[in-house]
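The values are calculated or read from the model by the stated rules, or taken from the named source; none is laboratory data. Since we're looking at a predicted model, the values are computed, not measured. Please note: Cβ atoms are built from the backbone with ideal geometry, for glycine as well, and neighbour counts cover all protein chains shown. The accessibility values were calculated without ligands, DNA or RNA, using every heavy atom of the protein model including side chains. Shrake-Rupley method; radii C 1.70, N 1.55, O 1.52, S 1.80 Å.
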There are 2 protein chains.
Amino acid sequence: MKIGELSSMTGVSIRSLRYYEEQGLLTSVRMDNGYREFSPLAEEQVRTIQFYLSLGLTTEQIASFLTCVLKNKEAFCEEVLPIFEQKLKEIDGQLLLLSQIKTNLQDRIRSIQEER
Amino acid sequence: MKIGELSSMTGVSIRSLRYYEEQGLLTSVRMDNGYREFSPLAEEQVRTIQFYLSLGLTTEQIASFLTCVLKNKEAFCEEVLPIFEQKLKEIDGQLLLLSQIKTNLQDRIRSIQEER
DNA sequence: ATAAACCCTGACATTAATGTCAGGGTCAAG
DNA sequence: CTTGACCCTGACATTAATGTCAGGGTTTAT
């Protein structure tokens, strides 16, 4: 299928699909006219990419295990676990920071409201 | 005082001090030689700026109430409350998103570990 | 008077995925 | 054969605070 079809089937912009290909997340063959031709499997693949992106992984991280994950269960791909664990640590750090800021903001808001 | 002094007193880079001035957060007068001269009050002011930055506010938001806040209590500055409340909403949104991702990651990590 | 340590401005780089535009081919239907 | 709907590449823009470099003036101490 052509890139426009893949785009409308997945809801992912053509620009992003080209970017995924550039980053090695997606492959296509070129037709005589230079157009990209994607396999039907690409749809599933794009959804998988989007899913991992929604977990906050980078294209580079996704690229490191995508091929394996598309063929096997996640548990089968050695790369996956360390990346998930690292991401989890990052998120815990962010959660901590954000809660501290939240508490601080709430305190200040409260004290402003009391003072009025 | 000169910018280098202000920088070492506050731990904020010269580059950032110039940026704060550019964004209207900080003022200085120019000496005959073109050097910036800061008032002694600038030290406190820089710390205040850094504090609000650490809450995740932008220089633009800070600029909108900094002058008032430097002279009065926060409760006195009308601008402050809506900005704090908006930021709080933002943070709640981020917290929610991050916790969802965290849960998802934890589930996946667990299921990988079980499968090994 | 020279060297070290300041200061100045202006500009480009950083991050990461995506939007958007320009300039130009290709294809299909009328 | 023309028009509209595709496709291509390449490039710049986005965000926000900060780092860094170049090229050049100033001050201070020796």
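Here are the numbers for the structure shown:
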item: Selected residue [within 11 Å of DNA strand C (Cβ to nearest atom), aliphatic (A, V, I, L, M) and open to solvent by less than 60 Å² (accessible area, probe 1.4 Å)] from A:42, A:63, A:75; result: A:63
item: Residues satisfying the stated conditions in segment A:78-104, i.e. open to solvent by 80 Å² or more (accessible area, probe 1.4 Å) and in contact (Cβ under 8 Å) with a residue 12 or more places away in the chain; result: A:79
item: Verdict on residue A:64 being assigned to a helix (DSSP H, G or I), more than 14 Å from chain B (Cβ to nearest Cβ), free of Cβ contacts under 8 Å to residues at least 40 places away in the same chain and polar (S, T, N, Q); result: yes
item: Qualifying residue in segment A:46-60 (condition: more than 15 Å from the chain's Cα centre (by Cα) and among the aliphatic types (A, V, I, L, M)); result: no
item: Residue A:56 being assigned to a loop (DSSP other than H, G, I, E, B), of a type in the set (Gly, Ala, Ser) and in contact with a helix residue (DSSP H, G or I) (Cβ under 8 Å, 6 or more places away or on another chain); result: yes
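For every residue, the table says whether it meets (1) outside any loop (DSSP other than H, G, I, E, B); (2) within 25 Å of residue A:60 (Cβ to Cβ).
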position	(1), (2)
A:1	no, no
A:4	yes, no
A:12	no, yes
A:16	yes, yes
A:21	yes, yes
